Amino acid sequence: MDSSILPALLIALFIPILLHLVTRFKYSSYNLPPGSLGFPFVGQSISFLRALRSNTDHQWYQGRIGKYGPVSKMWLFGSPAVLMAGPAANRFIFSNKDLLFTGTRSMNLLSGRNILMLSGEELKQVRGALQNFLSPEMVIRYVSKMDEEVRRHVKVNWVGHKTVKVLPLAKRLTLDIICSVIFGQEAGSVREALATDFPAMVRAALSIPVKIPFTRFSRGLSASQRIRKLLRGIARERETLLQQQQAHGASAADDFFTYMLALRAEGAHSLTVEDIVDNAIFLLIAGYETTSVLITFMLWHLDKEPEVLSKITEEQDEIARNKGPEDALTWDDVSRMKYTWKVAMETVFTAQSVTHLDANIFPEPSNFDPARFENNSSIPPYCFVPFGGGPRMCPGNEFARTETLVTMHSLVTQFRWKLCCKEESYKKDPSPTPLLGLPVELEPRCLPENAHA
(Lines give C-alpha, C1' and ligand atoms only; values in the text may rest on other atoms or scores of the structure.)
Protein backbone atom coordinates (compact mmCIF):
# COMPACT_ATOMS: atom_id res chain seq x y z
CA MET A 1 0.00 0.00 0.00
CA ASP A 2 1.26 3.49 -0.86
CA SER A 3 2.56 5.15 2.31
CA SER A 4 0.45 8.26 1.62
CA ILE A 5 -2.83 6.32 1.46
CA LEU A 6 -2.84 5.09 5.06
CA PRO A 7 -2.69 8.55 6.67
CA ALA A 8 -5.46 9.73 4.32
CA LEU A 9 -7.68 6.81 5.34
CA LEU A 10 -7.04 7.48 9.02
CA ILE A 11 -7.95 11.15 8.59
CA ALA A 12 -11.10 10.21 6.67
CA LEU A 13 -12.14 7.91 9.54
CA PHE A 14 -11.13 10.36 12.26
CA ILE A 15 -12.97 13.46 10.97
CA PRO A 16 -16.53 11.99 11.25
CA ILE A 17 -15.75 10.70 14.74
CA LEU A 18 -14.42 14.12 15.76
CA LEU A 19 -17.48 15.87 14.30
CA HIS A 20 -19.77 13.50 16.17
CA LEU A 21 -17.99 14.17 19.49
CA VAL A 22 -17.99 17.94 18.92
CA THR A 23 -21.69 17.91 18.08
CA ARG A 24 -22.57 15.89 21.18
CA PHE A 25 -20.48 18.20 23.38
CA LYS A 26 -21.96 21.35 21.80
CA TYR A 27 -25.56 20.38 22.58
CA SER A 28 -24.95 18.45 25.82
CA SER A 29 -25.64 21.51 27.99
CA TYR A 30 -29.04 22.21 26.40
CA ASN A 31 -32.31 20.81 27.70
CA LEU A 32 -33.24 19.10 24.45
CA PRO A 33 -36.09 16.68 23.74
CA PRO A 34 -35.36 12.96 23.31
CA GLY A 35 -34.07 11.65 20.03
CA SER A 36 -30.82 11.28 18.17
CA LEU A 37 -28.90 13.77 16.06
CA GLY A 38 -27.39 10.86 14.17
CA PHE A 39 -24.33 11.15 11.97
CA PRO A 40 -22.93 14.73 11.93
CA PHE A 41 -24.33 17.05 9.24
CA VAL A 42 -26.29 14.23 7.59
CA GLY A 43 -28.30 12.96 10.57
CA GLN A 44 -31.63 11.49 9.49
CA SER A 45 -31.63 13.21 6.06
CA ILE A 46 -31.06 10.06 4.01
CA SER A 47 -33.65 7.92 5.78
CA PHE A 48 -36.17 10.79 5.62
CA LEU A 49 -35.59 11.32 1.90
CA ARG A 50 -35.90 7.57 1.31
CA ALA A 51 -39.25 7.56 3.16
CA LEU A 52 -40.55 10.56 1.17
CA ARG A 53 -39.55 9.12 -2.18
CA SER A 54 -41.03 5.71 -1.38
CA ASN A 55 -44.21 7.32 -0.02
CA THR A 56 -43.64 5.77 3.42
CA ASP A 57 -43.16 9.04 5.29
CA HIS A 58 -46.18 8.38 7.52
CA GLN A 59 -44.56 5.17 8.77
CA TRP A 60 -41.29 7.08 9.22
CA TYR A 61 -43.02 9.71 11.38
CA GLN A 62 -44.91 7.11 13.37
CA GLY A 63 -41.71 5.17 13.99
CA ARG A 64 -40.05 8.22 15.54
CA ILE A 65 -43.16 9.16 17.51
CA GLY A 66 -43.44 5.61 18.83
CA LYS A 67 -39.79 5.62 19.87
CA TYR A 68 -39.32 9.17 21.21
CA GLY A 69 -42.82 10.64 21.63
CA PRO A 70 -44.50 13.55 19.76
CA VAL A 71 -41.46 15.84 20.18
CA SER A 72 -37.97 14.66 19.25
CA LYS A 73 -34.67 16.09 18.06
CA MET A 74 -32.92 15.11 14.85
CA TRP A 75 -30.60 16.46 12.18
CA LEU A 76 -31.96 17.25 8.72
CA PHE A 77 -30.30 18.74 5.64
CA GLY A 78 -27.33 20.25 7.44
CA SER A 79 -29.13 21.60 10.51
CA PRO A 80 -30.40 20.39 13.90
CA ALA A 81 -34.19 20.10 13.85
CA VAL A 82 -37.17 19.14 15.99
CA LEU A 83 -40.09 16.94 14.91
CA MET A 84 -43.33 18.10 16.56
CA ALA A 85 -46.55 16.19 15.89
CA GLY A 86 -50.17 16.50 16.97
CA PRO A 87 -52.70 19.27 17.72
CA ALA A 88 -50.77 20.55 20.75
CA ALA A 89 -47.65 20.96 18.63
CA ASN A 90 -49.65 22.72 15.91
CA ARG A 91 -51.10 25.11 18.47
CA PHE A 92 -47.66 25.84 19.94
CA ILE A 93 -46.15 26.59 16.53
CA PHE A 94 -48.96 28.53 14.89
CA SER A 95 -50.16 30.57 17.88
CA ASN A 96 -46.71 31.67 19.06
CA LYS A 97 -45.72 34.86 17.25
CA ASP A 98 -42.47 35.13 19.24
CA LEU A 99 -41.25 31.68 18.28
CA LEU A 100 -38.15 32.06 16.11
CA PHE A 101 -37.90 29.61 13.23
CA THR A 102 -34.64 28.85 11.51
CA GLY A 103 -34.87 26.95 8.27
CA THR A 104 -32.60 24.06 7.44
CA ARG A 105 -29.25 25.05 6.01
CA SER A 106 -30.34 23.97 2.53
CA MET A 107 -33.52 26.10 2.67
CA ASN A 108 -31.66 29.11 4.07
CA LEU A 109 -29.11 29.00 1.28
CA LEU A 110 -31.76 28.56 -1.41
CA SER A 111 -34.56 30.90 -0.35
CA GLY A 112 -32.99 33.34 2.08
CA ARG A 113 -34.69 35.06 5.01
CA ASN A 114 -38.45 35.14 4.49
CA ILE A 115 -41.61 35.44 6.60
CA LEU A 116 -41.34 31.85 7.86
CA MET A 117 -38.16 32.75 9.75
CA LEU A 118 -39.36 36.00 11.37
CA SER A 119 -40.77 36.57 14.83
CA GLY A 120 -42.17 39.30 17.07
CA GLU A 121 -42.70 42.79 15.67
CA GLU A 122 -40.84 42.03 12.45
CA LEU A 123 -43.17 39.08 11.74
CA LYS A 124 -46.17 41.31 12.46
CA GLN A 125 -44.97 43.99 10.01
CA VAL A 126 -44.10 41.65 7.16
CA ARG A 127 -47.16 39.43 7.62
CA GLY A 128 -49.35 42.54 7.60
CA ALA A 129 -47.75 43.73 4.35
CA LEU A 130 -48.10 40.34 2.64
CA GLN A 131 -51.65 39.91 3.89
CA ASN A 132 -52.63 43.29 2.45
CA PHE A 133 -51.01 42.43 -0.89
CA LEU A 134 -52.89 39.11 -1.02
CA SER A 135 -56.02 40.22 0.87
CA PRO A 136 -59.52 39.28 -0.39
CA GLU A 137 -59.91 42.88 -1.60
CA MET A 138 -56.76 42.55 -3.71
CA VAL A 139 -57.60 39.01 -4.84
CA ILE A 140 -60.94 40.29 -6.16
CA ARG A 141 -58.90 42.42 -8.56
CA TYR A 142 -56.85 39.38 -9.62
CA VAL A 143 -59.79 37.08 -10.51
CA SER A 144 -60.16 38.32 -14.09
CA LYS A 145 -56.38 38.18 -14.55
CA MET A 146 -56.32 34.58 -13.29
CA ASP A 147 -59.22 33.68 -15.58
CA GLU A 148 -57.40 35.19 -18.55
CA GLU A 149 -54.23 33.24 -17.76
CA VAL A 150 -56.17 29.97 -17.32
CA ARG A 151 -58.10 30.40 -20.58
CA ARG A 152 -54.91 31.12 -22.51
CA HIS A 153 -53.14 28.15 -20.93
CA VAL A 154 -56.00 25.70 -21.54
CA LYS A 155 -56.45 26.82 -25.15
CA VAL A 156 -52.75 26.30 -25.92
CA ASN A 157 -51.97 23.20 -23.85
CA TRP A 158 -55.23 21.24 -23.44
CA VAL A 159 -57.68 21.97 -26.24
CA GLY A 160 -57.07 19.68 -29.23
CA HIS A 161 -54.80 17.30 -27.31
CA LYS A 162 -55.74 13.65 -26.82
CA THR A 163 -53.42 13.17 -23.86
CA VAL A 164 -51.61 15.56 -21.51
CA LYS A 165 -49.41 15.28 -18.43
CA VAL A 166 -51.22 17.18 -15.73
CA LEU A 167 -48.46 18.00 -13.22
CA PRO A 168 -45.99 19.82 -15.53
CA LEU A 169 -48.85 21.75 -17.13
CA ALA A 170 -50.30 22.68 -13.74
CA LYS A 171 -46.88 23.89 -12.59
CA ARG A 172 -46.43 26.02 -15.68
CA LEU A 173 -49.89 27.51 -15.21
CA THR A 174 -49.41 28.39 -11.54
CA LEU A 175 -45.98 29.89 -12.29
CA ASP A 176 -47.59 32.06 -14.99
CA ILE A 177 -50.32 33.22 -12.60
CA ILE A 178 -48.08 34.06 -9.64
CA CYS A 179 -45.62 35.83 -11.94
CA SER A 180 -48.39 37.98 -13.40
CA VAL A 181 -49.27 39.12 -9.87
CA ILE A 182 -45.75 39.61 -8.50
CA PHE A 183 -44.17 41.23 -11.58
CA GLY A 184 -47.12 43.07 -13.11
CA GLN A 185 -46.75 44.15 -16.73
CA GLU A 186 -43.29 42.61 -17.13
CA ALA A 187 -44.46 39.13 -16.08
CA GLY A 188 -44.03 37.60 -19.55
CA SER A 189 -40.29 38.13 -19.88
CA VAL A 190 -39.62 37.27 -16.22
CA ARG A 191 -41.50 33.98 -16.23
CA GLU A 192 -39.61 32.85 -19.33
CA ALA A 193 -36.36 33.57 -17.48
CA LEU A 194 -37.63 31.61 -14.44
CA ALA A 195 -39.04 28.64 -16.36
CA THR A 196 -35.89 26.50 -16.06
CA ASP A 197 -34.21 27.84 -12.92
CA PHE A 198 -37.24 27.92 -10.67
CA PRO A 199 -38.08 24.19 -10.78
CA ALA A 200 -34.39 23.37 -10.19
CA MET A 201 -34.35 25.54 -7.07
CA VAL A 202 -37.55 23.98 -5.69
CA ARG A 203 -36.28 20.43 -6.29
CA ALA A 204 -33.18 21.22 -4.22
CA ALA A 205 -35.19 22.20 -1.13
CA LEU A 206 -34.90 18.71 0.35
CA SER A 207 -31.28 17.89 -0.26
CA ILE A 208 -28.10 17.72 1.77
CA PRO A 209 -26.39 21.12 1.38
CA VAL A 210 -23.04 20.01 0.02
CA LYS A 211 -21.66 22.10 -2.83
CA ILE A 212 -20.47 19.27 -5.04
CA PRO A 213 -20.77 19.97 -8.79
CA PHE A 214 -23.70 18.36 -10.64
CA THR A 215 -25.57 17.38 -7.44
CA ARG A 216 -29.20 18.40 -6.99
CA PHE A 217 -28.26 20.94 -4.32
CA SER A 218 -25.45 22.45 -6.39
CA ARG A 219 -27.75 22.86 -9.39
CA GLY A 220 -30.47 24.34 -7.18
CA LEU A 221 -28.07 26.76 -5.53
CA SER A 222 -26.78 27.99 -8.90
CA ALA A 223 -30.39 28.45 -10.06
CA SER A 224 -31.22 30.32 -6.84
CA GLN A 225 -28.31 32.70 -7.37
CA ARG A 226 -29.44 33.48 -10.92
CA ILE A 227 -33.03 34.02 -9.74
CA ARG A 228 -31.85 36.29 -6.92
CA LYS A 229 -29.74 38.34 -9.34
CA LEU A 230 -32.72 38.74 -11.67
CA LEU A 231 -35.12 39.74 -8.90
CA ARG A 232 -32.60 42.07 -7.29
CA GLY A 233 -32.27 43.91 -10.61
CA ILE A 234 -36.06 44.19 -10.91
CA ALA A 235 -36.33 45.50 -7.35
CA ARG A 236 -33.69 48.19 -8.00
CA GLU A 237 -35.47 49.27 -11.19
CA ARG A 238 -38.81 49.52 -9.38
CA GLU A 239 -37.16 51.45 -6.55
CA THR A 240 -35.78 54.04 -8.98
CA LEU A 241 -39.11 54.28 -10.82
CA LEU A 242 -41.02 54.68 -7.55
CA GLN A 243 -38.73 57.52 -6.45
CA GLN A 244 -39.28 59.27 -9.77
CA GLN A 245 -43.04 58.86 -9.49
CA GLN A 246 -43.11 60.11 -5.91
CA ALA A 247 -41.04 63.13 -6.91
CA HIS A 248 -43.89 64.06 -9.27
CA GLY A 249 -46.57 63.32 -6.68
CA ALA A 250 -47.82 60.05 -8.14
CA SER A 251 -47.19 56.33 -7.73
CA ALA A 252 -48.87 53.12 -8.85
CA ALA A 253 -48.20 49.81 -7.09
CA ASP A 254 -49.41 47.11 -9.47
CA ASP A 255 -46.65 44.64 -8.59
CA PHE A 256 -45.16 43.17 -5.42
CA PHE A 257 -41.85 45.03 -5.50
CA THR A 258 -43.37 48.48 -5.96
CA TYR A 259 -45.95 47.69 -3.31
CA MET A 260 -43.37 46.65 -0.71
CA LEU A 261 -41.04 49.54 -1.55
CA ALA A 262 -43.91 52.02 -1.24
CA LEU A 263 -44.83 50.60 2.17
CA ARG A 264 -41.23 50.94 3.31
CA ALA A 265 -41.21 54.58 2.22
CA GLU A 266 -44.31 55.10 4.37
CA GLY A 267 -42.56 53.51 7.39
CA ALA A 268 -44.75 50.37 7.45
CA HIS A 269 -41.68 48.10 7.56
CA SER A 270 -37.89 48.30 7.42
CA LEU A 271 -37.06 45.45 5.03
CA THR A 272 -34.02 45.83 2.82
CA VAL A 273 -34.18 45.16 -0.91
CA GLU A 274 -32.59 41.77 -0.23
CA ASP A 275 -35.34 40.98 2.31
CA ILE A 276 -38.00 41.93 -0.23
CA VAL A 277 -36.33 39.65 -2.79
CA ASP A 278 -36.34 36.80 -0.23
CA ASN A 279 -40.07 37.23 0.37
CA ALA A 280 -40.76 37.43 -3.36
CA ILE A 281 -39.04 34.05 -3.72
CA PHE A 282 -41.19 32.72 -0.86
CA LEU A 283 -44.36 33.88 -2.64
CA LEU A 284 -43.18 32.35 -5.92
CA ILE A 285 -42.54 28.99 -4.26
CA ALA A 286 -45.86 29.04 -2.40
CA GLY A 287 -47.85 30.10 -5.45
CA TYR A 288 -46.11 27.67 -7.80
CA GLU A 289 -45.60 24.43 -5.90
CA THR A 290 -48.56 23.94 -3.58
CA THR A 291 -51.42 24.97 -5.87
CA SER A 292 -50.13 23.02 -8.86
CA VAL A 293 -49.92 19.87 -6.73
CA LEU A 294 -53.44 20.47 -5.39
CA ILE A 295 -54.89 20.84 -8.89
CA THR A 296 -53.07 17.70 -10.06
CA PHE A 297 -54.35 15.55 -7.22
CA MET A 298 -57.88 16.89 -7.54
CA LEU A 299 -57.93 15.49 -11.09
CA TRP A 300 -56.37 12.27 -9.77
CA HIS A 301 -59.12 11.77 -7.17
CA LEU A 302 -62.00 12.94 -9.38
CA ASP A 303 -61.16 10.24 -11.94
CA LYS A 304 -61.76 7.70 -9.17
CA GLU A 305 -64.77 9.41 -7.58
CA PRO A 306 -67.50 9.81 -10.25
CA GLU A 307 -70.18 10.90 -7.76
CA VAL A 308 -67.95 13.67 -6.45
CA LEU A 309 -67.10 14.74 -10.01
CA SER A 310 -70.81 14.81 -10.86
CA LYS A 311 -71.51 17.21 -7.98
CA ILE A 312 -68.62 19.48 -8.95
CA THR A 313 -69.80 19.46 -12.58
CA GLU A 314 -73.30 20.45 -11.54
CA GLU A 315 -71.92 23.37 -9.50
CA GLN A 316 -69.57 24.58 -12.23
CA ASP A 317 -72.08 24.16 -15.08
CA GLU A 318 -74.60 26.26 -13.21
CA ILE A 319 -72.06 29.09 -12.99
CA ALA A 320 -71.15 28.69 -16.68
CA ARG A 321 -74.79 28.83 -17.83
CA ASN A 322 -75.14 32.35 -16.48
CA LYS A 323 -72.16 33.77 -18.38
CA GLY A 324 -71.58 34.92 -21.94
CA PRO A 325 -68.87 33.45 -24.19
CA GLU A 326 -66.33 36.17 -23.34
CA ASP A 327 -67.38 36.88 -19.76
CA ALA A 328 -64.57 36.43 -17.26
CA LEU A 329 -65.19 34.79 -13.93
CA THR A 330 -65.91 37.18 -11.08
CA TRP A 331 -65.44 37.08 -7.33
CA ASP A 332 -69.15 36.25 -6.96
CA ASP A 333 -68.68 33.24 -9.26
CA VAL A 334 -65.74 31.99 -7.21
CA SER A 335 -67.71 32.47 -3.99
CA ARG A 336 -70.38 30.08 -5.32
CA MET A 337 -67.88 27.22 -5.79
CA LYS A 338 -68.38 25.93 -2.26
CA TYR A 339 -68.54 22.20 -2.99
CA THR A 340 -65.51 22.38 -5.28
CA TRP A 341 -63.52 23.89 -2.43
CA LYS A 342 -64.60 21.16 -0.04
CA VAL A 343 -63.22 18.65 -2.52
CA ALA A 344 -60.00 20.67 -2.67
CA MET A 345 -59.71 20.57 1.13
CA GLU A 346 -60.29 16.82 1.15
CA THR A 347 -57.54 16.48 -1.45
CA VAL A 348 -55.18 18.39 0.84
CA PHE A 349 -56.34 16.23 3.74
CA THR A 350 -55.43 12.99 1.99
CA ALA A 351 -51.91 14.25 1.21
CA GLN A 352 -51.01 15.08 4.81
CA SER A 353 -49.53 12.81 7.47
CA VAL A 354 -49.68 12.29 11.24
CA THR A 355 -52.55 14.45 12.62
CA HIS A 356 -54.75 14.13 9.52
CA LEU A 357 -54.49 10.34 9.60
CA ASP A 358 -55.38 10.03 13.29
CA ALA A 359 -58.65 8.03 13.44
CA ASN A 360 -59.27 9.40 16.96
CA ILE A 361 -59.70 12.86 15.39
CA PHE A 362 -61.01 12.08 11.90
CA PRO A 363 -63.20 8.98 11.39
CA GLU A 364 -62.04 6.79 8.49
CA PRO A 365 -59.22 9.18 7.52
CA SER A 366 -58.08 7.04 4.58
CA ASN A 367 -61.44 7.45 2.79
CA PHE A 368 -61.90 10.28 0.28
CA ASP A 369 -64.85 12.08 1.84
CA PRO A 370 -65.47 15.81 1.14
CA ALA A 371 -68.45 15.61 3.51
CA ARG A 372 -66.05 15.85 6.45
CA PHE A 373 -65.81 19.57 5.60
CA GLU A 374 -69.57 20.19 5.58
CA ASN A 375 -69.23 21.67 9.06
CA ASN A 376 -65.78 23.10 9.70
CA SER A 377 -66.69 24.01 13.27
CA SER A 378 -66.88 20.28 14.07
CA ILE A 379 -63.14 19.87 13.37
CA PRO A 380 -61.15 20.30 16.62
CA PRO A 381 -58.81 23.30 16.70
CA TYR A 382 -55.33 22.86 15.23
CA CYS A 383 -56.14 19.40 13.83
CA PHE A 384 -56.49 20.49 10.19
CA VAL A 385 -54.05 23.28 9.37
CA PRO A 386 -53.41 23.34 5.60
CA PHE A 387 -52.76 27.09 5.73
CA GLY A 388 -51.27 27.34 9.22
CA GLY A 389 -53.09 29.32 11.88
CA GLY A 390 -53.06 32.27 14.25
CA PRO A 391 -50.26 34.79 13.66
CA ARG A 392 -48.65 32.28 11.31
CA MET A 393 -51.64 31.82 9.01
CA CYS A 394 -50.51 31.67 5.39
CA PRO A 395 -51.04 35.17 3.93
CA GLY A 396 -51.80 33.68 0.51
CA ASN A 397 -54.61 31.29 1.48
CA GLU A 398 -57.33 33.31 -0.31
CA PHE A 399 -55.14 33.67 -3.39
CA ALA A 400 -54.51 29.90 -3.49
CA ARG A 401 -58.22 29.16 -3.07
CA THR A 402 -59.19 31.47 -5.93
CA GLU A 403 -56.43 30.21 -8.24
CA THR A 404 -57.49 26.60 -7.66
CA LEU A 405 -61.19 27.24 -8.20
CA VAL A 406 -60.72 29.32 -11.36
CA THR A 407 -58.59 26.53 -12.85
CA MET A 408 -60.98 23.75 -11.88
CA HIS A 409 -63.90 25.66 -13.40
CA SER A 410 -62.19 25.72 -16.79
CA LEU A 411 -61.12 22.07 -16.70
CA VAL A 412 -64.40 20.63 -15.39
CA THR A 413 -66.61 22.55 -17.81
CA GLN A 414 -64.47 21.75 -20.88
CA PHE A 415 -63.15 18.21 -20.37
CA ARG A 416 -63.56 14.73 -19.05
CA TRP A 417 -60.36 12.85 -18.34
CA LYS A 418 -59.23 9.30 -17.69
CA LEU A 419 -55.97 8.29 -16.04
CA CYS A 420 -53.62 6.63 -18.52
CA CYS A 421 -52.11 4.53 -15.75
CA LYS A 422 -54.57 3.57 -13.02
CA GLU A 423 -51.78 2.11 -10.90
CA GLU A 424 -49.56 5.20 -11.02
CA SER A 425 -48.05 5.93 -7.62
CA TYR A 426 -46.42 9.07 -6.26
CA LYS A 427 -43.48 10.21 -4.17
CA LYS A 428 -42.84 13.36 -2.15
CA ASP A 429 -40.05 15.41 -3.64
CA PRO A 430 -40.64 17.66 -1.69
CA SER A 431 -44.38 17.87 -2.51
CA PRO A 432 -46.44 14.85 -3.58
CA THR A 433 -45.41 14.09 -7.16
CA PRO A 434 -47.00 11.45 -9.45
CA LEU A 435 -44.19 9.26 -10.75
CA LEU A 436 -45.31 9.67 -14.38
CA GLY A 437 -46.56 13.27 -14.09
CA LEU A 438 -50.20 12.04 -14.18
CA PRO A 439 -50.83 11.49 -17.90
CA VAL A 440 -54.55 11.57 -18.74
CA GLU A 441 -56.66 10.96 -21.82
CA LEU A 442 -58.86 13.96 -22.62
CA GLU A 443 -62.38 14.02 -23.99
CA PRO A 444 -63.93 17.42 -24.84
CA ARG A 445 -67.25 18.18 -23.15
CA CYS A 446 -70.25 19.85 -24.68
CA LEU A 447 -70.54 23.08 -22.73
CA PRO A 448 -73.79 23.91 -20.96
CA GLU A 449 -76.20 26.08 -22.91
CA ASN A 450 -75.13 29.77 -22.88
CA ALA A 451 -71.79 28.80 -21.30
CA HIS A 452 -68.53 30.43 -22.38
CA ALA A 453 -65.84 28.58 -24.27
| said: Just to check I understand the Karplus step: with θ = phi - 60° and J = 6.51 cos²θ - 1.76 cosθ + 1.60, what whole-Hz values come out for region 374-380, glycine and proline as x? | reply: 5, 10, 4, 5, 7, 7, x
| Taking the Cα atoms only, what angle lies between the long axis of helix 306-321 and the longest principal axis of the chain, rounded to 10 degrees? | 50 degrees
| remark: In whole angstrom, the spacing between the Cα centers of region 342-391 and region 36-72 equals 23 Å
| request: Given a cut-off of 23 Å, name the pairs among 124/171; 73/427; 171/428; 124/338 whose C-alpha atoms lie farther apart than that in the structure shown. | output: 124/171; 73/427; 124/338
| message | Between helix 5-27 and the chain, what is the angle of the helix's C-alpha long axis to the longest principal axis, kept within 0 to 90° and rounded to the nearest 10? | response | 70 degrees
| query | Percent relative contact order of region 79-185, based on C-alpha pairs within less than 8 angstrom and at least six residues apart? | reply | 17 percent
| Could you state the number of Å between the C-alpha centres of region 261-287 and region 168-191? | 18 Å
| note | Summing -39500 (n - 2.57) over every DSSP H run of at least 4 in the chain, dividing by its residue total and rounding to the nearest 500, the 222 nm mean residue ellipticity is -18000 deg cm²/dmol
| note | When the charge dipole of region 335-415 is computed with +1 on Lys and Arg Cβ and -1 on Asp and Glu Cβ about the Cα centre, the Cα farthest towards its positive end, among 399, 386, 414, belongs to 399
| message | Quick check: at a probe of 1.4 Å, how many percent of the accessible area of region 120-444 sits on carbon and sulfur atoms? | response | 52 percent
| request: Note down the nm distance, to one decimal, between modelled labels 7 Å out along Cα→Cβ at residue 55 and at residue 67. | output: 2.5 nm
| field | Bins of 10 Å, starting at 0 and running to the largest distance - Cα pair percent for region 32-85 | value | 28, 58, 15, 0
| Of all DSSP beta bridges in the chain, what percent run antiparallel (nearest 5)? | 95 percent
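How large is the dipole of region 120-444 about the Cα centre if only Lys and Arg carry +1 and Asp and Glu carry -1, each at its Cβ, rounded to the nearest 20 debye?
It works out to roughly 1020 debye.
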| request: Kindly state, to the nearest 0.05, the FRET efficiency for residue 237 paired with residue 357, given R0 = 60 Å and r defined as their beta-carbon distance. | output: 0.80
| note | Helix 216-247: inclination vs the chain longest Cα principal axis, degrees, rounded to 10, gives 60 degrees
| task | First check a/c for region 139-248, with a ≥ b ≥ c the square roots of the eigenvalues of its C-alpha gyration tensor; if it is under 1.5, answer rounded, and if not, answer prolate when a/b is larger than b/c or oblate otherwise. | result | oblate
| query | Which three semi-axes in whole Å describe the equivalent ellipsoid of region 260-412, each the square root of 5 times a Cα gyration tensor eigenvalue, listed largest first? | reply | 30, 23, 13
| note | Percent relative contact order for region 176-229, counting Cα pairs under 8 Å at least six residues apart, stands at 28 percent
| task | Could you list which residues have their amide H under 5 Å from that of residue 75, counting only those 5 or more apart in sequence or on another chain, with H placed in the peptide plane? | result | 44, 81
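How much accessible area per residue does the chain have, in Å², with a 1.4 Å probe?
Spelled out: the 1.4 Å probe surface of the chain, per residue, equals 48 Å².
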| query | Which longest run of the chain has no exposed loop site in it, a site being trypsin sites (Lys or Arg not before Pro) in a DSSP loop with at most 11 other beta carbons within 10 Å, and the site itself not part of the run? | reply | 212-421
| task | Would you work out the relative contact order for region 120-444, in percent, from Cα pairs under 8 angstrom that are 6 or more residues apart? | result | 28 percent
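The values are calculated or read from the model by the stated rules, or taken from the named source; none is laboratory data. Only a predicted model underlies this, so the values are computations on that prediction, with no experimental measurement involved. Quick reminder, even Gly has a Cβ in these numbers, built from the backbone with ideal geometry, and neighbours come from all protein chains shown. Heavy atoms of the whole protein, side chains included, go into the accessibility calculation; ligands, DNA and RNA do not. Shrake-Rupley method; radii C 1.70, N 1.55, O 1.52, S 1.80 Å.
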